[in-house]
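The block underneath contains the structure these notes are about, expressed in structure tokens.
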């Protein structure tokens, strides 16, 4: 029968391994959650943009109004050039 101290060391090592595994599982869960949130945010933006563009095409929103929103909202040069601002 192994000594009590050897058994304790073995159990402590096992506990350490299980805690490390639990941390990896938690990190993966947080990563997946974060990725899902970014994906959902991107999809919302695409859908809102599509609706706004459709409303401009239908005449429900004036193109000049959309341009004013873009002009005041877009700060990065490459974003502004995309809309010829």
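Here is how the numbers come out for the structure above:
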{"read-out": "For region 40-85: rounded, prolate or oblate by the Cα gyration tensor [a/c cutoff 1.5]", "value": "oblate"}
{"read-out": "0 to 90° range, to nearest 10: angle between helix 63-73 axis and the chain longest Cα axis", "value": "40"}
{"read-out": "Acute angle (nearest 10 degrees) that the helix 4-58 long axis makes with the longest principal axis of the chain, alpha-carbon atoms", "value": "10"}
{"read-out": "Most mobile of 32, 15, 47 in a GNM of the chain (Cα contacts under 10 Å)", "value": "15"}
{"read-out": "Answer label for P(r) over Cα pairs in 5 Å bins from 0, in percent (calculated), chosen among (i) 3, 17, 29, 28, 17, 5, 1; (ii) 3, 11, 10, 12, 11, 7, 7, 5, 5, 5, 5, 5, 4, 4, 3, 2, 1, 0; (iii) 3, 12, 13, 14, 11, 9, 8, 8, 7, 6, 4, 3, 1, 0", "value": "(ii)"}
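Bear in mind that the values in this text are calculations on the coordinates, not laboratory data. The shown structure was predicted, so the numbers you read here are calculated from the model rather than taken from an experiment.
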